[in-house]
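The structure under discussion appears below in the form of structure tokens.
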Amino acid sequence: MSTAGKPYRGKQGISTRDKIVNQYRVSSSKDTNRRSNATIKRLAMYKSKAIRNRDGKVIGGDFISKTPDAGVKRIQPDRRWFGNTRLIGTRALEDFREEMNAKVHDPYTVLLNAKKLPMGLLSDPYERSKKNLLTTEKFSDVFGKKATRKRPRLGAAYEDIRALSKHTQVKHAKYEDKAKVDFVKGTVGDEEDDGANGYVEKIFEKGTSKRLWKELYKVLDASDVVVQVLDARDPNGTRSKKLERELKTKEKRHKHLIFVLNKCDLVPTWCTRRWVRLLSREYPTLAFHASITNPFGKGALIKLLRQFATLHQDKQQISVGFVGYPNVGKSSIVNTLRKKKVCNVAPIPGETKVWQYITLFRRVFLIDCPGVVPPSGDSHLQSVLKGVVQVEKLEDPAQYVCGVLETVKKEYVERHYGVAGWNDAAHFLKLLAQKTGKLRKGGEPDYNNISRKVLQDFQRGRLPYFVPPPFEEESKDNSKNVAAELGLQLEQEFKHVRVKTDFSSEDKKDPDTVENQSEREVEKDNSANEQGHDLEGASVAEKRKKRKRRRAGTGKDRLLARILQC
């Protein structure tokens, strides 16, 4: 059959009947090749067109929504839509805040799972925003007829505006005159004149640069346990209060702080024991002697670090940062723990320039930090005696020798240098220079070189010196120890400390034992004297004891009688 000359009517075999797009048609159960209602609606939606106005805005259509669009709808980004939530009542929240506020600033309490607790609920925004004036003083004590608050006395200079203006002009003139004098001398502000002419040397600015403070904050941020290394000869002098306040802030209060008294071989054993006992009231404290061959306290420190690693089981490893003043032995402690030289050490301050990361165990890492001098208001003499200044770079070291002679006992100085009969620092330096041969042309003593020698001997522990711990009465509040509060085991036998410095018999004696012995002797004498005068009191006490025994015996007899009757 020929199809030439006929128009093309589409592909053969496709039916264009209306029932194929009728969603309400009736189909038999055997007919399974027909389109579903959903397919028919979808195909009809493709063919339908929207009705638009002259401006092109859609105003209608078969499958167009009749309700106006109110904008894009978004779900609130709340975690309650994506997981289970926990609700807490007002009373329970107040109890939680009170308990956590009491424990969060306690250095002897360890918070194991801090991530699972809502720490943001600790601070009440309403209580923090309002002014708690009535907690300090009552309203009736400040205002009203029964006010007890007195008006402050400002003096005659603040009576009226004229007197205040005149007083301000006089103070301004005095300040300008002093500023000119300070500029000529080289001092800044009201700083004390430590030198001969008040000139401030640049060497005293070492350890306070911004670069070193950045290194310190890097170590604090990366450390889970912060070890503050102190000099056993002067623990309070080498202690940084600013660092301790920094670790008590909200961002770093989860970090642990411990004290390590290094150079305990330069002080008597009783001094080390008492300093450890006093400092343990605030933070865990250990005594340490840094030495690769004969250390002390190495096992106790490693045991303590292992306990901290056990407490933080949720972490793969913990980092331990060593911070403190320059020349206190931070790098030496790291070398002692590794039992080999992994950090450069030297008996001069400022040897460590940048922080270093060292592996101690699989889960414990050590961070060595450069020494930083916090703003403590120390004079230049105190900075030199603490060892934070390099003696070789001092312009006039002779002016600081008098502080060494005042700090160290005269018998130790005479024994070490073999010089006796000196009256002041200049006379001592002259005799020492003549003995050691530190002379210039014409037989004049070389004060600079001999002064540097004395300062170096003091800083390196060749001259016996230590700050004795304060002796206070022991109370229940002051007798707390880290082992009982924190649950950490810290046991050290101080009798194994090898003290290298040769102290006198007076300094070797423990004042506690001497006082206890004297008190025992006095008690024995008093008891011997009272035995002769208090015979009547003793007889009365014996009579009371006999009465108690009789009463106890009669009570037992009555109890036995009742049991037998039953």
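The values are calculated or read from the model by the stated rules, or taken from the named source; none is laboratory data. Bear in mind the structure is a predicted one, so any value in this text is a computation, not a measurement. Quick reminder, even Gly has a Cβ in these numbers, built from the backbone with ideal geometry, and neighbours come from all protein chains shown. With ligands, DNA and RNA removed, areas are computed over all heavy atoms of the protein, side chains included. Shrake-Rupley method; radii C 1.70, N 1.55, O 1.52, S 1.80 Å.
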All positions within the range 206-243 that are of a type outside the set (Lys, Arg), open to solvent by 50 Å² or more (accessible area, probe 1.4 Å) and assigned to a helix (DSSP H, G or I): TYR217, ASP221
For the condition out of contact with any Ser or Thr (no Cβ under 9 Å at 6 or more places or on another chain) and crowded, with 16+ Cβ neighbours inside 10 Å, what is the one hit in VAL384, VAL401? VAL384
THR336 versus (1) under 25 Å from ARG462 (Cα atoms); (2) open to solvent by 10 Å² or more (accessible area, probe 1.4 Å): which is the lone unmet condition? (2)
Among the residues of the range 388-397, is any of a type in the set (Lys, Arg) and at pLDDT 85 or above? no
If you check LEU257, LEU261, LEU278, which single one turns out to be closer than 15 Å to ASP234 by Cβ, open to solvent by 10 Å² or more (accessible area, probe 1.4 Å) and of a type in the set (A, V, I, L, M, F, W, C)? LEU278
Given the residues THR352, THR310, which is the only one that is open to solvent by 70 Å² or more (accessible area, probe 1.4 Å) and within 23 Å of the chain's Cα centre (by Cα)? THR310
Could you grab the pairs with beta carbons closer than 7 Å, sequence gap of 6+ or different chains, first residue in the range 438-463 and closer than 19 Å to ARG415 by Cβ and small (Gly, Ala, Ser), second one in a loop (DSSP other than H, G, I, E, B) and modelled with pLDDT of 85 or more? GLY461/LYS263
Identify all residues within the range 361-379 that are surrounded by 19 or more Cβ atoms within 10 Å (Cβ to Cβ) and not small (Gly, Ala, Ser); write none if there are none. VAL364, LEU366, ILE367, ASP368, CYS369, PRO370, VAL372, VAL373
Name the pairs whose Cβ atoms lie under 8 Å apart, with the first residue in the range 301-325 and farther than 23 Å from ASN262 by Cα, the second assigned to a helix (DSSP H, G or I), and 6 or more positions between them or separate chains? GLN317/ALA309
For PRO326, work out the one condition from (1) buried (at least 17 other Cβ atoms within 10 Å of the Cβ); (2) over 21 Å from GLY371 (Cα atoms) it doesn't fulfil. (2)
Helices (runs of 4 or more DSSP H) fully within the range 410-466 counting 3 or more residues that are of a type outside the set (Asp, Glu), over 40 Å from the mean Cα position of the chain (by Cα) and surrounded by 14 or more Cβ atoms within 10 Å (Cβ to Cβ): 425-436, 447-459
